[in-house]
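K.L.:
Before I ask anything, here is the structure I am working with.
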């Protein structure tokens, strides 16, 4: 009888521990990486389409960007740049993604090949981005971006 009580107690203890681990660890869905890549692509397309509202939804209110020259821009400044008529992004294609998720935070790095029309002159280049995303209220928002130009040979 003691053996049965001990065995049942052990089964309850193991089952309870497994349930508690599931609750506490909150396993992230396997598609988080794909979701973040999709959001990065939406961000790039918002630039191409000059869709300020779509771009604004992706950026956190405390968003900050650092460009290759070390100049920083807030969300408001970045949105104003999207509205600008001096530069038109005609194509923005991202690839070579690396996504690292840390609970409700993630770091996404990728290469962006971009074509611009600046004052009537077309330019093409590549940049390497490191974007930091935070999950707030069940949605991902970009809180920080840093990018560097990739030297063209």
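The values are calculated or read from the model by the stated rules, or taken from the named source; none is laboratory data. All figures in this text were calculated on a predicted structure; none of them were measured in a lab. Backbone-built Cβ (ideal geometry, glycine too); neighbour counts: all protein chains shown.
K.L.:
State the number of residues belonging to the stretch 33-74 that are assigned to a loop (DSSP other than H, G, I, E, B), exposed (fewer than 14 other Cβ atoms within 10 Å of the Cβ) and out of contact with any strand residue (DSSP E or B) (no Cβ under 7 Å at 6 or more places or on another chain).
P.N.:
3
K.L.:
For the stretch 75-105: of the residues being out of contact with any strand residue (DSSP E or B) (no Cβ under 6 Å at 6 or more places or on another chain) and over 20 Å from residue 140 (Cβ atoms), which is modelled with the lowest pLDDT?
P.N.:
Once the filter is applied, the top-ranked residue is 85.
K.L.:
Continuing with this model, one more query. Residues in the stretch 58-95 that are more than 13 Å from residue 144 (Cβ to Cβ) and in contact (Cβ under 8 Å) with a residue 24 or more places away in the chain: how many?
P.N.:
Qualifying residue count for the region: 13.
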